[in-house]
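The values are calculated or read from the model by the stated rules, or taken from the named source; none is laboratory data. Nothing here was measured: the structure is a model prediction, and the numbers come from that model. No Cβ is skipped: glycine too gets one built from the backbone with ideal geometry, and neighbour counts run over all protein chains shown. What goes into the accessible areas is simple: the full protein's heavy atoms, side chains included, and nothing from ligands, DNA or RNA. Shrake-Rupley method; radii C 1.70, N 1.55, O 1.52, S 1.80 Å.
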Amino acid sequence: SQMRSFAEGRLLIRTATEEDIPVIMGFILELAEFEGARDQIKSTEEGLRDVLFTRHITDALIAEVDGTAAGFAIWAHSFSTFTGKPTLYID
C-alpha cells in the first residue's frame, strides 16, 4: 500500500504530483549548491517527469510546513546480486 499523506501539526507529508516537479528540481539544485556540486547535476524536469510519472520507476514524497514545500524524498527499488535481496535507494 502506497502512502498518500501523513499530517502532524503543521507538517504534511504527501505523495508528489506532476505539479511538484519544479519544486523537486529546485530542491535538487539547492542540495547540489550546498554540497558544492551544482555543475554535476544532469537531472531535468523532463527526466523527473519521465521516471516518476511516465515510467513509474521511482516514487517521491513532498514535506510541507504550513502549506509550503520544505523537503522531498525520492526512492527507487533495486536488487543486490551479492546478497540476493532487494534494496531501496533513498535520496
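Could you compute the net charge surrounding ARG55? Neighbours are other residues with a C-beta less than 14 Å from the C-beta of ARG55; K and R count +1, D and E count -1. Don't skip to the answer; put the middle values down first.
Working: positive: ARG49; negative: GLU18, GLU46, ASP50, ASP59.
Neighbour charge sum, excluding ARG55 itself: -3.
Considering only protein heavy atoms and a 1.4 Å probe, what is the carbon-and-sulfur percentage of the accessible area of the chain?
Details: 3660 of 6520 Å².
Its accessible area is 56 percent carbon and sulfur atoms.
Might you report the magnitude of the Cβ-based charge dipole of the chain about its Cα centre, with Lys and Arg at +1 and Asp and Glu at -1, to the nearest 20 debye? Don't skip to the answer; put the middle values down first.
Details: 8 positive and 15 negative charges, 88 e Å.
Approximately 420 debye in magnitude.
Ignoring ligands, DNA and RNA, what accessible area per residue does segment 1-82 give at 1.4 Å, in Å²? Walk me through the numbers before you get to the answer.
Working: 5660 Å² over 82 residues.
Ligands and nucleic acids excluded, the figure is 69 Å² per residue.
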